[in-house]
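The values are calculated or read from the model by the stated rules, or taken from the named source; none is laboratory data. It should be emphasised that the depicted structure is a prediction, and the values quoted were computed from it without experimental measurement. So basically every Cβ, Gly included, is an ideal-geometry build from the backbone, and we count neighbours across all protein chains shown.
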Amino acid sequence: MQPEELLAYIKNILLSLAKLDNIKLVNLEKLAVIKPKLEEYGDWATNAALIYAKQFRSNPKNLAEKIVEKLLENSKIDKIDVAGPGFLNIRLKKQARSSVVENILQQKEDFGKSQILQNENINLEFVSANPTGPLHIGGTRWAAVGDSLGNLLLSQGAKVVKEYYFNDHGAQIDNFVNSIIAKYYGKPLPEDGYDGQYIVDLADKIMPEFQNKPQAEIYEQVRARAVELMFEQIKQSLHTFGTNFDVFFHENSLYKTGQVEKAIEELNSRGFIYEKDSALWLKTSEFGDDKDRVLRKSNEQWSYFAADVAYYKNKRERGFKTCVYMLGIDHHGYIGRLQAAAKAYGDNEENIKFLIGQFVNIIKDGKAVKLSKRAGNIITLDNLIATVGVDAARYSLIRSSVNTPIDLDLDLIVLHTNENPVYYVQYAYARCCNVVKNAYALDNILPKKIQAREFDLSFLQKSSEKDLLTTLALYPSILEIAAKKYEIHRVARYLEDLARKYHAFYSHLRVLPNTKSEIEPIHIARLALNNATAQILKNGLSLLGVSAPERM
RNA sequence: GCGCCCGUGGCUCAAUGGAUAGAGCGUUUGACUACGGAUCAAAAGGUUGGGGGUUCGAAUCCCUUCGGGCGCGCCA
């Protein structure tokens, strides 16, 4: 019996008890089945009595006894203790404990998937860096986290679109293009211009065909060409990093199709727009923003914010129920105004969400590297991949909560040691695969028995075996929690835990008999456990976009 | 000044309001002439920045204070 099944069972007991007493239970989502602190407590524990005692106008001990009485009617449950303030520690019967292995072997890559988010239609927007230079480390955190989070949400039944907002409109681009032209003719760069080897490379690539023509004539063509090349390079870097977007949305399209005017006209008809100092303002302060924001500047041009508003409107009109913005901490000031714009359209919190990623500090030679465009020491995504590899880079960025700043020590990540636990997890998988390979070599009856489910898992009674079983059973609930909270790092942490349990199991016990001994039922049971572990490691790593190598 | 985020062993980080706050690195000590030692077993190391409060129960929620990061344009 897996924890989800137990949870559903307990929930039903609570509801029927409540019905008897004519009570309507609230906060049912707080009910949890967890892994007990210590193994000797039992297989699973629940907080049911602690949480709902008050609603039953009872105390935890009394409610616990009522629940226990009902729970014991379940033939899969062996024994229950009421511990501490009112925890229920549940011990399953032998057979019920190992069903998770059969389920995993049955469902394979589908194990862990669910439909809990089937009513969600989510737009995930991330990276969205300006096409004025190579992707740097700031956008990289989201390239890893956003992509993996999308995979996770998808696995829980949500409709998900991964989207990149491509800022191909405005002064930054002008600056970028002028920098390329100036560089080519050896003229001084514009103020706030862009510099670096990539500007030289772009100039060499683009400019020769436009040589000796007046700048005014060629500007549009150079611009189109430069943006296109830069954009291709960014896409390619992301692709190499394993991050592929479903939609690249062009800011320019909002202007070309008149969506900016339309979006603002609607806000006007809702009465949230006014004119002051010959500019057009949105009353964002009515919805919690610090101050009102300009939509159309006094020079008649639309502000960047105007496009943002139109873009949000566009997403909602495409049918997304939830628009998720993944921003760097340096952009958290946008939250107030965008949220306000959403509310001005009559939307609420569930329609617009923000994930704020803290900075990634790069450590080199024991010191933080100050990233500065001027100094030309920007660390790009391509640099990072070249020095540490995709797996190590992605994993390092994913395994921490986004609201924790992380220090990436480049000298340590490259080492193939536990400084980067990705190798620890991958090694566990490689070990599993090696055992399978050895099993084939030993006797091909073994894989056949696994295939035919001819094994008896009740032989798995050693503590390292039970520990591994319990951890495997936790996988679906980890995905569920991680998806509901938009916290992909939980999956990585879980995989480390699973790898640890596997390594311990592997070290203490032999899966296969050595060549001089007979194959016994215990070996077949352990092989099944080995294969189930391999499957979960692979499933989890694939959500993270990290490879699962069979050999290392 | 105002707003947001953060503060957990020496270091890097975990922990749906749950039991004795967990891992890895580093330090110390052990373990294969049997499935890969990129492993395992064990030890030392914590008043979760400080103070108050809510709760049966707080690293987690509230208040306050200290420290750090970031943001406060008719820039994009």
What number of residues within the stretch A:315-334 satisfy the criterion of being more than 20 Å from the chain's Cα centre (by Cα) and more than 16 Å from RNA strand B (Cβ to nearest atom)? 5
Can you say whether residue A:7 is modelled with pLDDT of 85 or more, surrounded by 13 or more Cβ atoms within 10 Å (Cβ to Cβ) and not in a strand (DSSP E or B), as far as the supplied structure shows? yes
How about the stretch A:193-268: which helices (runs of 4 or more DSSP H) wholly inside it have at least 2 residues that are modelled with pLDDT under 95, touching a Lys or Arg at 6+ places or on another chain (Cβ under 7 Å) and surrounded by 19 or more Cβ atoms within 10 Å (Cβ to Cβ)? A:197-206
Strands (runs of 3 or more DSSP E) fully within the stretch A:43-140 counting 2 or more residues that are within 11 Å of RNA strand B (Cβ to nearest atom): A:44-46, A:77-83, A:87-92
Of (1) within 13 Å of RNA strand B (Cβ to nearest atom); (2) more than 23 Å from residue A:104 (Cα to Cα), residue A:24 satisfies every one except (1)
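One line per residue, one yes/no per condition, for (1) touching a residue at least 40 places away in the same chain (Cβ under 8 Å); (2) within 14 Å of residue A:428 (Cα to Cα); (3) hydroxyl-bearing (Ser, Thr, Tyr):
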{"residue": "A:497", "(1), (2), (3)": "no, yes, no"}
{"residue": "A:501", "(1), (2), (3)": "no, yes, no"}
{"residue": "A:504", "(1), (2), (3)": "yes, yes, no"}
{"residue": "A:509", "(1), (2), (3)": "yes, no, no"}
{"residue": "A:522", "(1), (2), (3)": "yes, no, no"}
{"residue": "A:526", "(1), (2), (3)": "yes, no, no"}
{"residue": "A:529", "(1), (2), (3)": "yes, yes, no"}
{"residue": "A:534", "(1), (2), (3)": "yes, yes, no"}
{"residue": "A:537", "(1), (2), (3)": "yes, yes, no"}
Taking the stretch A:438-450 only, how many residues are within 16 Å of residue A:514 (Cβ to Cβ) and surrounded by 12 or more Cβ atoms within 10 Å (Cβ to Cβ)? 5
Cβ-Cβ under 6 Å pairs, at least 6 apart or on other chains, the stretch A:348-370 side without any contact (Cβ under 8 Å) to a residue 40 or more places away in the chain and in a loop (DSSP other than H, G, I, E, B), far side more than 9 Å from RNA strand B (Cβ to nearest atom) and not polar (S, T, N, Q): A:369/A:362
From the list A:420, A:434, A:438, pick out the single residue that is in a loop (DSSP other than H, G, I, E, B) and within 9 Å of RNA strand B (Cβ to nearest atom). A:420
With the condition kept exactly as written, say whether any residue in the stretch A:335-343 is within 28 Å of residue A:358 (Cα to Cα), free of Cβ contacts under 8 Å to residues at least 12 places away in the same chain, within 14 Å of RNA strand B (Cβ to nearest atom) and touching a Leu at 6+ places or on another chain (Cβ under 7 Å). no
Can you tell me which residue is farthest from RNA strand B (Cβ to nearest atom) among those in the stretch A:271-302 that are surrounded by fewer than 18 Cβ atoms within 10 Å (Cβ to Cβ) and among the polar types (S, T, N, Q)? A:285
Search the stretch A:153-198 for residues being within 14 Å of RNA strand B (Cβ to nearest atom) and of a type in the set (A, V, I, L, M, F, W, C), and hand back the single one that is nearest to residue A:302 (Cα to Cα). A:171
Name the one entry in A:500, A:453 that is of a type in the set (D, E, K, R) and either crowded, with 16+ Cβ neighbours inside 10 Å or within 9 Å of RNA strand B (Cβ to nearest atom) (or both). A:500
